[in-house]
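Below: one structure, written as structure tokens.
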Amino acid sequence: MSTEFKQIVRERILDSDQFIEATFKGQQRGHTVPWQRVTLRPVLVKGTRHLQISWFDGQQDRTGNFLEDAAAEVDRLLTLPFNSIVVKTREGTVSVQFTKKGKALVHQHRQTSASADLSHDRRKDHPLPDDRPDPFLQAVGIMSAEGKIRPRYAGKYKQINEFIRLLAATGELDALGDESIHVVDLGCGSAYLTFALYHYLTATRGLTVSLTGVDLKADLMARHAVKLRDLGWPAMQFVESRIIDYVPETPPDIVVALHACDTATDEAIAQGIRHQSRMIFCAPCCHHHVQAQLAQQAVPDPFRPIMRHGILREEMGTLLTDALRALILRIMGYRTDVIEFVSAEHTPKNNLIRAVRRTAPGDPQFVQEYEALKQFWGVTPYLETLLGDRFPKA
């Protein structure tokens, strides 16, 4: 079976009568691949059937349509050490998973009702579908009793879908297997994302999950507890606490903080680092701490044209704060990127810091970059203060 799976996958993808969709994702232990996920599907372009391939690298999608060279593109993908391959055809599904030693395990499931959608502009699939009634979406008010997304919540629905998509795109969920995971949403507020994460991880991904939402607002926590009882989700709970004071019963595998204001974002990141969480996702809101320090410093000469304008000074403080946060996460062993997770039309606070633990702390390159940036601007991030002796020094 060492190479037989390649022939099976290749034949099904190139079968123009049967092929529906294929997904390549994850990476085998000890190997790397240039993309987090690659999807393939047939499309009609000017009446001619093509193979459409979309490559996602964690920040953006790149898509191409192939005709004569489709087979060569499939062969190229099959040379890469992906950890999971799933091919759907009208006859059934073939899934390939790889063991820790790189052995291919092939599973085939037959079905007869599926058909391919060749529309070039097919509706984008969502982690939380909007085309059928969903008790969870109805319970939190996003969906009506008739199964329609309420217009006033369309932006919120898009926001939580994109957040979940970017979580899934790390590939880390695929590596969890049968492990039980604990998730903490710090500063959960109205908890749309909190409920959505639990629903997605358990109902859609089939994972064993315990999830805790944390916030200071006791009235919100009480209302959320009622929704939990109605939904029958015993492995989820809400706790009234400040982020900095919260002590989890179980170290969290995933830490989330959506729009925690100013230094509350730093507190959420510090919680994740302290507990060596596998993943940390923060969408910052407000950046007063570093901005207040900038106001007390002499402006470096090349930046005077920027810093003399209040709105540009504020944006510079925002950029500097999140750049320093990302560097601290890198120093602490996390692969980190800062990306836009929804359009600014849905929320002006639309950046996401996404961090996945990968290495031991103390990479000298990032420590050097961090110290240089901090000294240039004369600031000390609150996150460094929170970490104390845990934070490596130059």
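The values are calculated or read from the model by the stated rules, or taken from the named source; none is laboratory data. It should be emphasised that the depicted structure is a prediction, and the values quoted were computed from it without experimental measurement. Cβ placement follows ideal geometry from the backbone for every residue including glycine, while neighbour counts extend to all protein chains displayed.
For segment 200-220, state whether one or more residues are modelled with pLDDT under 90, of a type in the set (Asp, Glu) and assigned by TED's automatic domain parsing to the domain that holds Arg358.
no
For Asn350, work out the one condition from (1) surrounded by 16 or more Cβ atoms within 10 Å (Cβ to Cβ); (2) free of Cβ contacts under 8 Å to residues at least 40 places away in the same chain it doesn't fulfil.
Evaluating Asn350 over (1) surrounded by 16 or more Cβ atoms within 10 Å (Cβ to Cβ); (2) free of Cβ contacts under 8 Å to residues at least 40 places away in the same chain leaves (2) as the failure.
Okay, residues lined up against (1) outside the structural domain of Val96 (by TED's automatic domain parsing); (2) buried (at least 17 other Cβ atoms within 10 Å of the Cβ); (3) touching a Lys or Arg at 6+ places or on another chain (Cβ under 9 Å):
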{"residue": "Ile13", "(1), (2), (3)": "no, yes, no"}
{"residue": "Ser16", "(1), (2), (3)": "no, no, yes"}
{"residue": "Ala22", "(1), (2), (3)": "no, yes, yes"}
{"residue": "Arg41", "(1), (2), (3)": "no, yes, yes"}
{"residue": "Val45", "(1), (2), (3)": "no, no, no"}
{"residue": "Ser54", "(1), (2), (3)": "no, no, yes"}
{"residue": "Thr63", "(1), (2), (3)": "no, no, no"}
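Would you pick out the residues in segment 1-20 that are without any contact (Cβ under 8 Å) to a residue 24 or more places away in the chain and either touching a Phe, Trp or Tyr at 6+ places or on another chain (Cβ under 7 Å) or not in a helix (DSSP H, G or I) (or both)?
Thr3
Among the residues of segment 53-83, write down those that are part of a strand (DSSP E or B), at pLDDT 90 or above and within 15 Å of Thr23 (Cβ to Cβ).
Once the filter is applied, which keeps residues that are part of a strand (DSSP E or B), at pLDDT 90 or above and within 15 Å of Thr23 (Cβ to Cβ), segment 53-83 yields only Ile53.
Inspect segment 84-98 for any residue being part of a loop (DSSP other than H, G, I, E, B), touching a residue at least 12 places away in the same chain (Cβ under 8 Å) and either out of contact with any Phe, Trp or Tyr (no Cβ under 9 Å at 6 or more places or on another chain) or among the acidic types (Asp, Glu) (or both) and give the result as yes or no.
Yes: one or more hits.
List every residue pair whose Cβ atoms lie under 8 Å apart, where the two residues are 6 or more positions apart in sequence or sit on different chains, the first residue falls within segment 289-301 and is surrounded by 11 or more Cβ atoms within 10 Å (Cβ to Cβ), and the second residue, located anywhere, is in a helix (DSSP H, G or I) and β-branched (Val, Ile, Thr).
Hits for this filter: His289/Thr263; His289/Thr321; Val290/Thr321; Gln291/Thr318; Gln291/Thr321.
Return yes when Gly155 is in the same structural domain as Val255 (by TED's automatic domain parsing), surrounded by fewer than 18 Cβ atoms within 10 Å (Cβ to Cβ) and either under 26 Å from Pro284 (Cα atoms) or touching a Lys or Arg at 6+ places or on another chain (Cβ under 7 Å) (or both) and no when it is not.
Yes: the conditions hold for Gly155.
Can you spot a residue in segment 21-40 that is assigned to a strand (DSSP E or B), acidic (Asp, Glu) and over 18 Å from the mean Cα position of the chain (by Cα)?
Scanning segment 21-40 turns up at least one residue that is assigned to a strand (DSSP E or B), acidic (Asp, Glu) and over 18 Å from the mean Cα position of the chain (by Cα).
Could you say which residue among Thr194, Thr202 is surrounded by fewer than 22 Cβ atoms within 10 Å (Cβ to Cβ), among the polar types (S, T, N, Q) and in a helix (DSSP H, G or I)?
Result: Thr202 is the single residue among Thr194, Thr202 that is surrounded by fewer than 22 Cβ atoms within 10 Å (Cβ to Cβ), among the polar types (S, T, N, Q) and in a helix (DSSP H, G or I).
State which residue is farthest from Asp17 (Cα to Cα) when the search covers only segment 98-148 and only residues that are modelled with pLDDT under 80 and among the hydroxyl-bearing types (Ser, Thr, Tyr).
Among those that are modelled with pLDDT under 80 and among the hydroxyl-bearing types (Ser, Thr, Tyr), it is Ser119.
Filtering segment 149-180 down to residues that are over 16 Å from the mean Cα position of the chain (by Cα) and outside any helix (DSSP H, G or I), which residue is modelled with the lowest pLDDT?
Ranking the qualifying residues of segment 149-180, first place goes to Gly177.
Mind listing whichever residues of segment 223-273 are of a type in the set (Lys, Arg) and without any contact (Cβ under 8 Å) to a residue 40 or more places away in the chain?
Selection gives Arg223, Arg229, Arg242.
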